Amino acid sequence: MKTLAIKTLYILLLLIMSAGITFAQTAKPETKISGSLLDENGKPVDYATVILLKAQDSTVIKGTLSNETGTYIFDHINAGSYIIKATVVGYEKAATKAFTVTESSPIVTLPALKMQPGSQSLKTVNITASKPLIEHKVDRTVMNVENSVLAAGNSAMDILERAPGVSIDKDDNISLKGKQGVTVMINDKLTYLTSAQLATLLRSTDGTTIQSIEIITNPSAKYDAAGNSGIINIKLKKNKQVGTNGTLTAGAGYGAYYKDNENLTLNHKQGKLNIFGSFSHNDNKRIQDIGIKRIIPDTAGGAPTYFRQTSPLIETDHNNSYRLGADYDLSSKNTIGFVASGYFNGEQDGIDDRTYIGQNFNQIDSSLRTVSAIHQTYHDIAFNLNDAYKIDTAGQELSADLDYSQFKNNSVAQYVTDFYNPDGSVLHPEAFLGNLTPSVINIRTGKVDYTKPITKSLKFESGLKFSDVKTDNDLMEKMSATNPYISTNHFIYDEKIDAGYVNLNKDFKGYSVQAGLRAEYTSSNANGDSANVVSIIPRHYLNLFPSLFIDHTINDKNEITLSYSRRIDRPQYDNLNPFVFHLDPYTYQLGNPYLKPQYTNNFELNYTYNKNITLTLGYSKTTDVITEVPGTDPATKVSYVTTDNLQTQNAYNVNLYAPYTIAKWWEGNVNATAFYLGFKSNGLEGGNLDRGQFAYNIRTTETFTPLTGYKAELTANYQSDLTYGLFDVKPRYSVDAGVSHSFANKKLNVKLSVSDIFNTLRNDVTSNYQNTNLDITQKRESRITRLTLTYNFGNNKIKAREHQTGADEEKNRVKGAN
């Protein structure tokens, strides 16, 4: 019945899209006004404010921003006489002559509007417009990384950790406003990776290749339903110029060890063809100190046993990532694109773990030392084929994507443990454990999206998507250095998701309403072949995910948005894997193939004042919460960590974002979030969990431009202590700073930055529930000084080609194009 239901939905969606295309051939044409802005040198002026006014009384009809090619568009305009006005920092205001829109001539293309430099520029003080570091929009918060001095030399993971409301824990799990379950996309595409694999990908992505990071806390039905706390979309840079050009970046850093990063980006754009590519490399050696204290109760009621561990970890990474692609205009309405990307990385970890066991933390009865050597390799290759077809000038469009990617990861680990008496003499012979864990992940996806403006105020969107993911993991072990590896656990996981969605957008007087419904049918099989699991665990379920957005513009300074969406988070592949990973004889990690997906209902009320100050109130309820659960076996004194489903999580949050200007050379913003997370679960490890805590996060960014060509940034962040599941997370705080200067007509730029200036950033957690009494301290290398040089070369002054039908805007909508 469920298979029949999803097939029926697909048929209905296809009929609706077919009807929409047929309707487009007979419908009355929609009106549209388009044009472009150019500076005194004929180059596009992007992100300028463009306003459409009535010619008779200068009444404001609509407003927008020019895009990266200087183009602006107004659609659904009534017949009448109008004027266009444009403003941007560093330029004089500009306006067109009055023009007329009639039913017989509904499409109006205006001549390019020239923007003249302001008076400050005429006095040799060049004032250039740039986007703020943090930009708040109606449905998302955007962190404009491209021009930030803190981006140089940092990876995508480093930058993401500085994004508003984002935090990353000791295990590289990403949280947004205190909640885990974040979906990460790159160029609007899901990554389909575990937290460890995603961390590898983000650390391989050089910060100089990133344009912006979008934080979408309540996505519409158009997006995949995964991610209970929202979506983080990392947008990579795009080519804007005709001809051949590129960027070369080289940087060096020092914390506890030296680091380096290099990046080369090349673009060639001529006629109908655009070819682009990039290669990044970085070497990063870093240290991490981990301390663990555990108190294990005695089953007979005697004195507890105390464990104290110190684990210094030295990690050496060599990361390489690449990207190669092309776009080709088949016609003025149709653009196809192809992208190949991937990475090949190596990691070497050395851990010297010492565990002291006794009647208290200072009185030692015995000890052990485990020396670990771990070598890991990561290989990824991905292909994308995309096509965007603009059916008509009214905005009707059909786009399609086909994706394939393969990840091959391999880890070879050896653990040698020695046991000692209190006086240092050998307690018993050493123990050896060798692990070999090859892993292969294959991902295939295909999707099609259709957009159709039905009337001036009504727009229809629909789409279909299919994904097929297969993971193949093997755990091979040996108990002696001379013995061969023996497979002890072979785990294969298959997951297929069929999805379809419909969206309707309707504009009323002062109101805008969007209602959507997404259906996802999931079919999965977990097949484990080991002493722990010898059976197939199948799951088949159909879910509906409604969404609703209501936006009300009270006046030109006050706007309110109310939104609701239902979300799902399926278990990560490594959490389903029933492998037992031993860190030492008293500590291990265990997967759980019986994990269920978690479901979240999100509600959000957003108020915007004067287009820049926003106040957001949010509430969400999650069932079957997927979270880490620590446990202890008092009989064997062994501690472990697994993943399980808690019954419910209630989350309340309030967020305030306020930009400000102190002086012409000093701008800043503050982003403050207060939230409460509450967890309940009956029968968890023999007890009833009911705990929660109020917490808050404050982040402020200051930008200084005291002299021409110089730019400085200062960012401070504070995260209070918080509760997540069975863990209590201690406060985290840090201060970052950087300064940049441009030379040689802005072709050469040098940036100097220091992250975590006062070396305060830590990840410390505790857990005290039932038999678990755990205290973990973790200090990563975080204070790093970086010097980065960036050189732009090639043809950067030729104006990009323009089509009468707006082909450049088309390209920006092509999924996965660069």
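What to note about this one:
- Only one of the listed residues (ASN489, ASN525) is more than 30 Å from the chain's Cα centre (by Cα) and farther than 19 Å from ILE550 by Cα. That residue is ASN489.
- All positions within the stretch 635-669 that are aliphatic (A, V, I, L, M), modelled with pLDDT of 90 or more and within 27 Å of LEU605 (Cβ to Cβ): LEU646, ALA651, VAL654, LEU656
- Check on ASP317, surrounded by fewer than 18 Cβ atoms within 10 Å (Cβ to Cβ), among the acidic types (Asp, Glu) and at pLDDT 90 or above: no
- Evaluated against (1) at pLDDT below 90; (2) touching a Pro at 6+ places or on another chain (Cβ under 7 Å), ALA481 falls short on exactly one condition, (2).
- Wholly within the stretch 79-195, strands (runs of 3 or more DSSP E) carrying at least 3 residues that are under 19 Å from LYS237 (Cα atoms), at pLDDT 70 or above and hydroxyl-bearing (Ser, Thr, Tyr): none
- Positions within the stretch 33-64 being touching a residue at least 40 places away in the same chain (Cβ under 8 Å), within 23 Å of THR100 (Cβ to Cβ) and part of a strand (DSSP E or B), in sequence order: ILE33, SER34, GLY35, SER36, LEU37, VAL60
- Candidate set from the stretch 514-554 (those that are β-branched (Val, Ile, Thr) and under 11 Å from PHE491 (Cα atoms)); member that is modelled with the highest pLDDT: ILE536
- Answer residue from the stretch 641-671, given it is under 30 Å from LEU595 (Cα atoms) and open to solvent by 60 Å² or more (accessible area, probe 1.4 Å) and is farthest from the chain's Cα centre (by Cα) among those: GLN647
- Members of the stretch 574-608 found to be within 28 Å of ILE536 (Cα to Cα), hydroxyl-bearing (Ser, Thr, Tyr) and open to solvent by 60 Å² or more (accessible area, probe 1.4 Å), listed by number: TYR594
- Residue within the stretch 684-702 that is of a type in the set (A, V, I, L, M, F, W, C), open to solvent by 40 Å² or more (accessible area, probe 1.4 Å), over 21 Å from ASN601 (Cβ atoms) and in contact (Cβ under 8 Å) with a residue 12 or more places away in the chain present: yes
- Exactly one residue out of THR437, THR451, THR471, THR417 is of a type in the set (Val, Ile, Thr), at pLDDT 90 or above and in contact with a Pro (Cβ under 8 Å, 6 or more places away or on another chain), and it is THR417.
- Among the residues making up the stretch 745-769, a single one is within 30 Å of SER681 (Cα to Cα) and either touching a Cys at 6+ places or on another chain (Cβ under 7 Å) or among the aliphatic types (A, V, I, L, M) (or both): VAL765.
The values are calculated or read from the model by the stated rules, or taken from the named source; none is laboratory data. The model shown is predicted, which means the values in this text are computed figures rather than measured ones. Positions of Cβ are generated from backbone atoms using ideal geometry, with glycine treated the same way; all protein chains shown enter the neighbour counts. These accessible areas exclude ligands, DNA and RNA; they are computed on the full protein's heavy atoms, side chains included. Shrake-Rupley method; radii C 1.70, N 1.55, O 1.52, S 1.80 Å.
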